[in-house]
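Inspection log for the structure reproduced underneath, given as structure tokens.
Quick note: the coordinates plus some simple rules give every number you see, no bench work behind them. Keep in mind that this is a model prediction, so the values were computed, not measured. Counting neighbours? That spans all protein chains shown, and the Cβs are built from the backbone with ideal geometry, glycine included.
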Amino acid sequence: MSYHLNTFPNAEAAAKACAARIAEIMTESVVARGVARCALSGGSSPKMMFGELAKHKMDWDKILLYWVDERVVPPDHPDSNYKMAMENLILPAGIPILHLSRIAGERYPEEASAHYISEIRAEFKLKEGELPVFDLIHRGMGPDAHTASLFPGEPLIEDDYEIAANTYVEKFNSHRVTLLPGVLKKARHTVILAPGADKAEALKHVLEDKANIMKYPCQIAAKPPYPTEWFVDEASAALLSNKR
Ligand code: 6PG
């Protein structure tokens, strides 16, 4: 896995730097292609980063937002990744609602996934069997090295062909819709924000163990020349033998 590791003193500094890099990638994509299609993750780490990103002066009229994954809950539910993004980024930045391709968590899992796939197919004008190329995919990593809603042992980790799917995460008793590895591997830019001591063991395995995406799903990455850029803090980098 070829990657750039950016290590910061604390989570706040990592979030700020990650937001600045995402703003830069979005702007570069708009300049290069007239539009930036970006998929965002949820959870708690992105909250601070989204708040920082909202402060950047961006051409939001040319930026389309998607989700890497979503819990199958209504958009006003406390667990909704959409709700978290709305509160921390979309409303503060004044991003037009029409530029959001929300995963319809209020629907049945299969319907939510099918609807999201058809929306992506239409937006990216995909032929049958074609996968979308996002300009940016922002991901997180769980303490178990999961990313998106691809948890260790999840059979979907071997699906490089479909765009998205619904899955059930036993340990959280949570139905999810998630982008699949084939899409994650095609991103022009991947940014992974993973601060916090609880991520230290997973980060060491992901970056220093041999490739085993079934065990460490966050090893899923685009191939060069499409870079994976990590934004971590000293706490999550603590166990790395090479903290470059
Ligand atoms: C989700 C996320 C998930 C997240 C990791 C890390 O829906 O929970 O998309 O993949 O990125 O669980 O979450 P934290 O950053 O909150 O630790």
Counting just the residues of the range 68-84 that are surrounded by 22 or more Cβ atoms within 10 Å (Cβ to Cβ), within 14 Å of the chain's Cα centre (by Cα) and without any contact (Cβ under 8 Å) to a residue 60 or more places away in the chain, which one comes out farthest from the ligand (Cβ to nearest atom)?
82
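So that you can scan it fast, the table gives a plain yes or no per residue for (1) in a loop (DSSP other than H, G, I, E, B); (2) exposed (fewer than 15 other Cβ atoms within 10 Å of the Cβ); (3) touching a Pro at 6+ places or on another chain (Cβ under 7 Å):
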{"residue": "178", "(1), (2), (3)": "no, no, no"}
{"residue": "187", "(1), (2), (3)": "yes, no, no"}
{"residue": "215", "(1), (2), (3)": "yes, no, yes"}
{"residue": "222", "(1), (2), (3)": "yes, no, no"}
{"residue": "229", "(1), (2), (3)": "no, no, no"}
{"residue": "240", "(1), (2), (3)": "yes, no, no"}
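Residue check: is residue 64 surrounded by fewer than 19 Cβ atoms within 10 Å (Cβ to Cβ) and of a type in the set (A, V, I, L, M, F, W, C)? Spell out how you get there, then give the answer.
Values: surrounded by fewer than 19 Cβ atoms within 10 Å (Cβ to Cβ): no; of a type in the set (A, V, I, L, M, F, W, C): yes.
Considered against the rule, which asks whether it is surrounded by fewer than 19 Cβ atoms within 10 Å (Cβ to Cβ) and of a type in the set (A, V, I, L, M, F, W, C), residue 64 comes out as no.
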Identify, from the list 197, 148, the residue that is without any contact (Cβ under 8 Å) to a residue 60 or more places away in the chain and under 21 Å from residue 19 (Cα atoms).
197
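Is it the case that residue 131 is more than 15 Å from the ligand (Cβ to nearest atom) and surrounded by 15 or more Cβ atoms within 10 Å (Cβ to Cβ)?
yes
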Only one of (1) away from the ligand (no atom under 13 Å from the Cβ); (2) surrounded by 15 or more Cβ atoms within 10 Å (Cβ to Cβ); (3) among the aliphatic types (A, V, I, L, M) fails for residue 148. Which number is that?
(1)
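Looking at residue 105, is it within 16 Å of the ligand (Cβ to nearest atom) and in contact with an Asp or Glu (Cβ under 6 Å, 6 or more places away or on another chain)? Break it down into steps so the answer makes sense when it comes.
Values: within 16 Å of the ligand (Cβ to nearest atom): yes; in contact with an Asp or Glu (Cβ under 6 Å, 6 or more places away or on another chain): yes.
Criteria met by residue 105.
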For the range 95-144, what are the residues that are within 12 Å of residue 72 (Cα to Cα) and of a type outside the set (Phe, Trp, Tyr)?
102, 103, 104, 105, 106, 107, 109, 110, 111, 112, 113
Restricting to the range 39-59, count the residues that are more than 12 Å from the ligand (Cβ to nearest atom) and either touching a Lys or Arg at 6+ places or on another chain (Cβ under 9 Å) or within 18 Å of residue 18 (Cβ to Cβ) (or both).
8
Checklist (1) under 17 Å from residue 70 (Cβ atoms); (2) within 16 Å of the ligand (Cβ to nearest atom); (3) surrounded by fewer than 20 Cβ atoms within 10 Å (Cβ to Cβ) applied to residue 162, failing item:
(2)
Single condition residue 117 does not satisfy, out of (1) surrounded by fewer than 20 Cβ atoms within 10 Å (Cβ to Cβ); (2) within 16 Å of the ligand (Cβ to nearest atom); (3) touching a residue at least 12 places away in the same chain (Cβ under 8 Å)
(2)
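Suppose the filter is surrounded by 23 or more Cβ atoms within 10 Å (Cβ to Cβ), touching a helix residue (DSSP H, G or I) at 6+ places or on another chain (Cβ under 6 Å) and without any contact (Cβ under 8 Å) to a residue 60 or more places away in the chain; does residue 89 pass it?
Criteria not met by residue 89.
Does any residue of the range 121-128 turn out to be aliphatic (A, V, I, L, M) and surrounded by 17 or more Cβ atoms within 10 Å (Cβ to Cβ)?
Filtering the range 121-128 down to residues aliphatic (A, V, I, L, M) leaves 122, 126.
Filter once more, keeping what is surrounded by 17 or more Cβ atoms within 10 Å (Cβ to Cβ): none.
No; the residues of the range 121-128 include none that is aliphatic (A, V, I, L, M) and surrounded by 17 or more Cβ atoms within 10 Å (Cβ to Cβ).
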